[in-house]
2 protein chains.
Amino acid sequence: MGTGAAVMDNLSMRISARADYAVRAALELAAAGEDTSLKAEAIAEAQGIPHKFLEGILGDLRRGGLVISQRGGKGGYRLARPADSIPIADVIRVADGPLVSVRGVRPPDLSYIGPAESLLPLWIAVRANVRKILGEVTLAHVAAAKLPDDVLSLADDPEAWTNP
Amino acid sequence: MGTGAAVMDNLSMRISARADYAVRAALELAAAGEDTSLKAEAIAEAQGIPHKFLEGILGDLRRGGLVISQRGGKGGYRLARPADSIPIADVIRVADGPLVSVRGVRPPDLSYIGPAESLLPLWIAVRANVRKILGEVTLAHVAAAKLPDDVLSLADDPEAWTNP
DNA sequence: AGATTTCCTATCGAATTACTAGGGAAGTGT
DNA sequence: ACACTTCCCTAGTAATTCGATAGGAAATCT
């Protein structure tokens, strides 16, 4: 579980508890295999996620078509597709909902004037780049601890781990 | 304005009003030139930013060493350094805090277990990527509407402007 | 002095986030 | 039929954050 500084945050890019929990739950399912069902309680236990909170998130994953559920004694959740066909981006999107915004306004609706005119293409570029990574890396990659080389090389740069 | 996709859905990437306003104010100063002072009210007017709100943001930029202020009749704000030596990342960080966070915690302070172990390097890679762009593009680039080629090519990909 | 403009503190409502509570619906084994 | 399990749904809530506003003190110019 993530223990550490309870500092302020929230800047240009932030991954919410919901998104983080959703990905970790999906990874647990990926590790169990496409044909094995896990109960919400077991996932919550394994990843240290509040169980009732997780239930809501798993509901989102189900409605998003990423996960299949079954109730009753032998019930639980399992992945709807092979883990190598589910990018991390999908999980985050389904759990966290529509959420690309500048000041709560969607980019196409922004009007920048004067010297700020080129700001929009910049935001778009950043977003495209983030999506390139999270759309390329799948649950299978992370669960097997085998990230694609280009992603790994980004993370290997020592400067990437420093503060600001 | 381009009314392209109505739902610019996607990953949890959000630029706060504070960060957006801070960058736009800095761009206005960049356009004015390093030696020209602009009054907060003038910047607020030019960019359509609530003037009292902007005052607080400019205070942050000053404390962050990006801007120099002068009070009194001929006072105002001006850049502390040449516009081509101030990356957008610096402005956002100073105005809004760290650039990327997971659940309010900065990536290096997270700890993951089980199949989620490789999540940390993934977040680090994403963060490094965001930093690469926003650390490369300066106020001068945006104010002159001349983004670096590699950034421009990312934004030019039509798919970058569409939905999931 | 008098006008101007930054600077500081304090407050506010609305929204969002991360969770909690309780109970009903659907499925399973005896 | 019955008990038990597990998902499913709706509400609520405490804490924080966000965007914005107000009033006035301190500095600087003419």
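The values are calculated or read from the model by the stated rules, or taken from the named source; none is laboratory data. Since the model is a prediction, treat every value here as computed from it, not as a measurement. Here the Cβ is made from the backbone with ideal geometry for all residues, glycine too, and neighbour counts use every protein chain on show. Quick note on the areas: whole protein, heavy atoms, side chains included, nothing else; ligands and nucleic acids left out. Shrake-Rupley method; radii C 1.70, N 1.55, O 1.52, S 1.80 Å.
Points to keep in mind about this one:
- Lone unmet requirement of (1) more than 7 Å from chain A (Cβ to nearest Cβ); (2) surrounded by 16 or more Cβ atoms within 10 Å (Cβ to Cβ) for residue B:96: (1)
Table: residues versus (1) over 25 Å from residue B:133 (Cβ atoms); (2) open to solvent by 60 Å² or more (accessible area, probe 1.4 Å); (3) within 12 Å of DNA strand D (Cβ to nearest atom).
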| site | (1), (2), (3) |
| --- | --- |
| B:56 | yes, no, yes |
| B:63 | yes, yes, no |
| B:70 | yes, yes, yes |
| B:78 | yes, yes, no |
| B:86 | no, no, no |
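- Selection status of residue A:32, within 15 Å of the chain's Cα centre (by Cα), within 13 Å of chain B (Cβ to nearest Cβ), among the small types (Gly, Ala, Ser) and more than 9 Å from DNA strand D (Cβ to nearest atom): no
- Positions within segment A:42-54 being within 11 Å of DNA strand D (Cβ to nearest atom) and touching a Leu at 6+ places or on another chain (Cβ under 9 Å), in sequence order: A:43, A:44
- All conditions in (1) at pLDDT below 95; (2) in a helix (DSSP H, G or I); (3) of a type in the set (Gly, Ala, Ser); (4) away from DNA strand C (no atom under 14 Å from the Cβ) hold for residue A:19, with the sole exception of (4).
- Residue within segment B:3-11 that is open to solvent by less than 10 Å² (accessible area, probe 1.4 Å), at pLDDT 95 or above and within 14 Å of another protein chain (Cβ to nearest Cβ) present: no
- Listing of strands (runs of 3 or more DSSP E) fully contained in segment B:66-114 that carry 2 or more residues being at pLDDT 90 or above and within 15 Å of DNA strand C (Cβ to nearest atom): B:67-70, B:76-79
- Restricting attention to segment B:115-157, the residues being of a type in the set (Gly, Ala, Ser), outside any helix (DSSP H, G or I) and more than 7 Å from chain A (Cβ to nearest Cβ) number 1.
- On inspection, residue B:48 fails the criterion of being surrounded by fewer than 22 Cβ atoms within 10 Å (Cβ to Cβ) and within 14 Å of DNA strand C (Cβ to nearest atom).
- Condition broken by residue A:31, with the remaining ones in (1) open to solvent by 60 Å² or more (accessible area, probe 1.4 Å); (2) touching a Phe, Trp or Tyr at 6+ places or on another chain (Cβ under 8 Å) satisfied: (2)
- Residues in segment A:108-158 that are open to solvent by 30 Å² or more (accessible area, probe 1.4 Å) and of a type in the set (Lys, Arg): A:131, A:132, A:146.
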